[in-house]
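In what follows, a structure is listed as structure tokens, so that the remarks can point back to it.
The values are calculated or read from the model by the stated rules, or taken from the named source; none is laboratory data. Fair warning: this is a prediction, and the values are worked out from it, not measured in the lab. Neighbour counts are summed over all protein chains in view; Cβ atoms, including those assigned to glycine, are modelled from backbone coordinates with ideal geometry.
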């Protein structure tokens, strides 16, 4: 047989089990409602984006109609017709006009027809700006390319440095130094 304290303990255990089951069922229900709310919020955001996209599309199309109306009324523009498109370069070339007697020569693109051009000593390369002879650096130069680069980069850094002594020069001294070729 069961004593009253055992029955009371068993009763409290049953009440605790029922409360625990109610809490578990309630938490599942809360999570289900929360996921439905999140799904509804995602759908709402998606619908807001779609509405914004449709509003933008509507405004764009309304603007296109307005622009087409202005083009037609104000400027007399019309959309191109199928007969206005050219079928190729020959048809485009046939639209060209004969040059007048004092017309400038047409612009031509440079092309290499497969002829190899070798550099010779009697026809050195010249600078298009100054006309001075241009010498190209070769792999067999006396100095190491890395050393030349390091020297040039060091000179560049020295010239570009904001920390240097101030040099007051007169315009006559600058022109005289340029004439000598000294750069001071």
Any hit, region 71-89, residues being in contact with a helix residue (DSSP H, G or I) (Cβ under 6 Å, 6 or more places away or on another chain) and surrounded by 10 or more Cβ atoms within 10 Å (Cβ to Cβ): yes
Only one of 43, 48, 91 that is part of a helix (DSSP H, G or I), out of contact with any strand residue (DSSP E or B) (no Cβ under 7 Å at 6 or more places or on another chain), at negative phi and modelled with pLDDT under 90: 91
Of the criteria (1) at pLDDT 80 or above; (2) in a loop (DSSP other than H, G, I, E, B), which one residue 120 fails: (1)
